[in-house]
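> Here's a structure for you.
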C-alpha cells in the first residue's frame with residue numbers, strides 16, 4: 001500500500017523539479033524510503049547515477065531497479081557520498097530545528113532539493129498538522145519564513161520555489177560545497193513496504209516505514 005501512495009504522490013513531479021537536477025552526474029535521495037521518487041525521476045535520466053539512502057530496515061523492503069542503487073545510511077552519523085545533487089523529500093518536518101540544522105550541515109553537495117509543505121498556521125488544518133508532528137516527534141510543519149531561517153543558518157541560499165501537489169519544491173545552493181564527511185562506503189541491500197491509513201482528527205494519515213530519520217511515522221496523505 002505504501003508504494004502505491006508514494007507513486008501517486010510523485011507522479012508527474014519531473015516537470016516541476018529544477019533543471020539543475022537533470023544536469024547532475026549523480027543524485028542522492030537521502031531518507032528516500034523504497035525509492036518511489038527516484039523511480040519517477042529515473043524515467044527522465046539517462047546517464048545519472050541514482051542513489052537511494054535509508055535505514056537498513058527500509059532498504060531491505062525496496063525492490064531492485066536497474067537505474068537505482070539502494071544503500072543503507074544515517075542522517076546524523078557515518079558516511080554520506082558526495083554528489084552533485086541531494087534530495088530531501090518529506091524528511092525535515094520529522095525533526096526539530098536543531099536536528100534539521102545538523103542534517104542540512106552534513107549534506108555534501110552543491111545543490112539540494114527540499115520537498116516539504118509550507119504551511120499557514122492561520123489555517124486550522126495546517127495548525128493541526130504542526131501540532132501532530134510536535135506530539136509525535138517534537139517537530140513541526142513550518143512556514144516559508146521558518147524554512148528560510150533554517151536555510152540561512154546552514155549556509156544554503158534559496159534559488160527557486162515551485163508548488164507541487166500541496167508541497168513546495170525548493171532548490172537551494174551551498175556557496176561553499178563541503179567534501180565527503182567520511183569515505184562513502186555503504187552496505188547494499190534489497191527492499192518492500194507496508195502502509196496503514198488511519199483517520200486522525202478527521203485527517204487521513206498514512207504510515208510510512210522508519211527512515212534514515214528515525215521518527216518517520218504518520219504523514220498526511
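The values are calculated or read from the model by the stated rules, or taken from the named source; none is laboratory data. Owing to the predicted nature of the structure, the values given are computational and were not obtained by experimental measurement. Note that each Cβ is placed from the backbone with ideal geometry, even for glycine, and that neighbours are counted across all protein chains shown.
> What tally of residues in region 94-130 results from selecting those that are in a helix (DSSP H, G or I) and at pLDDT below 90?
Here the count works out to 8.
> Residue 42 passes all but one of (1) under 23 Å from residue 155 (Cα atoms); (2) touching a residue at least 24 places away in the same chain (Cβ under 8 Å); which number fails?
Unmet for residue 42, out of (1) under 23 Å from residue 155 (Cα atoms); (2) touching a residue at least 24 places away in the same chain (Cβ under 8 Å): (1).
> Right, something else. Starting from region 80-106, keep only residues that are at positive phi, then list their pairs with residues that are not in a loop (DSSP other than H, G, I, E, B) whose Cβ atoms are within a distance under 9 Å, requiring at least 6 positions of separation or different chains.
From region 80-106, the pairs are 90/9; 90/115; 90/116; 90/167; 90/219.
> OK, next. So, residue 90, is that one within 19 Å of residue 10 (Cα to Cα), surrounded by 18 or more Cβ atoms within 10 Å (Cβ to Cβ) and at pLDDT below 95 or not?
Yes.
> For the condition within 17 Å of residue 169 (Cβ to Cβ), surrounded by fewer than 18 Cβ atoms within 10 Å (Cβ to Cβ) and in contact (Cβ under 8 Å) with a residue 24 or more places away in the chain, what is the one hit in 64, 14?
On inspection, the qualifying residue turns out to be 14.
> Out of the residues in region 45-61 meeting the condition of being in contact (Cβ under 8 Å) with a residue 12 or more places away in the chain and over 13 Å from residue 31 (Cα atoms), tell me which one is nearest to the chain's Cα centre (by Cα).
Selected residue: 50.
> Just checking, how many residues over region 23-81 are closer than 21 Å to residue 104 by Cα, assigned to a loop (DSSP other than H, G, I, E, B) and touching a helix residue (DSSP H, G or I) at 6+ places or on another chain (Cβ under 8 Å)?
So the count comes out to 5.
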